[in-house]
1. Just reorder TYR109, TYR425 by solvent-accessible area, largest first, 1.4 Å probe, all chains present.
2. When Lys and Arg each count +1 and Asp and Glu each count -1, what net charge do the other residues less than 13 Å away from TYR425, Cβ to Cβ, add up to?
3. Ranked highest first by the average count of other Cβ atoms within 10 Å around their residues, in what order do 92-104, 304-316 fall?
4. In nm, to one decimal, how far is the LYS429 label point from the ILE398 one, both placed 7 Å along Cα→Cβ?
5. Cβ under 14 Å from GLU399's Cβ, GLU399 left aside: what net charge do those residues give with Lys, Arg +1 and Asp, Glu -1?
6. Please list, in order along the range 404-419, the HN-Hα scalar couplings obtained from phi with the Karplus expression 6.51 cos²θ - 1.76 cosθ + 1.60 (θ = phi - 60°), rounded to whole Hz, x for Gly and Pro.
7. For THR310 and SER186, what does the FRET efficiency come to when R0 = 30 Å and r is the distance between their Cβ atoms, rounded to the nearest 0.05?
8. How much length, in nm to one decimal, is gained on full extension between SER200 and GLU4, taken as 0.36 nm per residue of separation minus their Cα-Cα distance?
Amino acid sequence: MGHELWSYSAIILFFVVIAKIVSQKTSTIDVIWLIIFGSLGVNFGILPAHNEILEAIGDWGIVFIMFALGFDEDLNHFIQGLKRSFGIAVIGAIFPFLAGYYTAGLFGYGFNTQMIWGLTMTATAVSLTMVSLREQGLHKTTASTAIMSAAVVDDILSLIGLSIMIPIAVSTTGDNGSMIEFNELSIIIAKVIAFFAIISFIGMVLFPDSITKEKDKKYTALFHLIVKVRKFLGIRKLLMAYSGKFTPLVMIFTAFVFGALADRFGFHPAIGAYFAGLFLREEYFMIKVDNQLRSHRKDSEFVINHLAYTIFGPIFFVELGTKLILDMELVTEVFPVVFVLFLAVFTLQILSAALAARFTGKYEWYQSVMIGLGMLGRAELAFIVIDIAYVDEKIIDIEQFDTLIFTIFLLNIAVPLAIKRWEPYYMGKKRLELFGITLSKEC
């Protein structure tokens, strides 16, 4: 096992290096090549289809990516985007669900299978989108913030949907089954509220070091106690300990603490890591050197970005590619279904999210289209649903399993390609009109 792990690790890193080089040579996004090389590796027997240690390393990668993206975002900017993105998340989840649900019905599958297909198509793979946006230099744009904030809401909706639909699909009808489903729904909603309450308290109350005396007078004794706690436990105390020698270590520790907290409440750890990065403000990295304030942020950001985008992050996408195992006979058999499902989700996801962005979030058309494209990818929750439905509960068979896997793969491949294609219209380099409406940015 030990020898195989080192061999597989070397092969994966070799694929990462090649993907980086090929993407530079071809002016494409490295995520595509990472997924392709991962798929080729597993189908040629070079990489394993399943290895717990490698998958755990890949999970580290997505945690680093989301932490780095949160660290690069402004908290106030994110909150403003969250208010505008709720409609995008809700509408952008309903229509992909309907696409999966009715496509399954079109090919003769029953109600339980239809629900599984619908649920699989709802979870947005925001990490893939954000990496793709970063490759185009668009990760700090308004559209990027909208996609991230909508994806957080989407993740909550997907968790609630998972808690409801899986029990329905595997249980028999009756009052007892309904009561179980209601209890599970209540628990998941309580967990969602508790999670966001706790991280908000940590990030917005305990993290800061101090507040002005004028503000202190306006608050209660409890708040005065919190202020005293900050003096000893404020995050800046750790970040700037020993003149900032251990700042990257403290940052990673913070990301993993928030990630563990998210995992405890049923979220992917990457969601917690994103908020950990989001709460780390510029002033937390200031330290006096020779009576002058100096920031350690850029040095630490350099380390975190390399961990996220050059080392661990790419391993995640190679591992993602290993989920696609090719069997030509089976591929030929499921191809028509894959094509219809992909086309339905592709069309309804872009249209629903883009129109919701335009008319509920009041975004410009060029931003709305980018948001629609950015919501195309499917996240880890989709694989969890498939695993439960196929391996644990036997709700779907091998043909349906491959159909869903291939569709997710195509949707994830479409994300970087679509974002790269839309970038010149988003930046106003090209002009596009449709039905008399200017969709591109006007410069």
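1. On the way: TYR109 70, TYR425 40 Å².
The ranking, largest first, comes out as TYR109, TYR425.
2. Net charge in that neighbourhood comes out at +2.
3. Working: 92-104: 23.2, 304-316: 21.5.
Highest-to-lowest ranking by the protection proxy: 92-104, 304-316.
4. 4.6
5. On the way: positive: LYS394; negative: ASP327, GLU329, GLU333, ASP397, ASP402.
Net local charge, GLU399 excluded: -4.
6. 5, 5, 5, 5, 4, 4, 5, 5, 5, 5, 5, 4, x, 5, 5, 5
7. It comes to 0.10.
8. Values: separation 196, 0.36 × 196 = 70.56 nm, distance 4.28 nm.
Computed gain between SER200 and GLU4 is 66.3 nm.
The values are calculated or read from the model by the stated rules, or taken from the named source; none is laboratory data. Since the model is a prediction, treat every value here as computed from it, not as a measurement. Neighbour counts are summed over all protein chains in view; Cβ atoms, including those assigned to glycine, are modelled from backbone coordinates with ideal geometry. Ligands, DNA and RNA are excluded from the accessible area calculation, which covers all protein heavy atoms including side chains. Shrake-Rupley method; radii C 1.70, N 1.55, O 1.52, S 1.80 Å.
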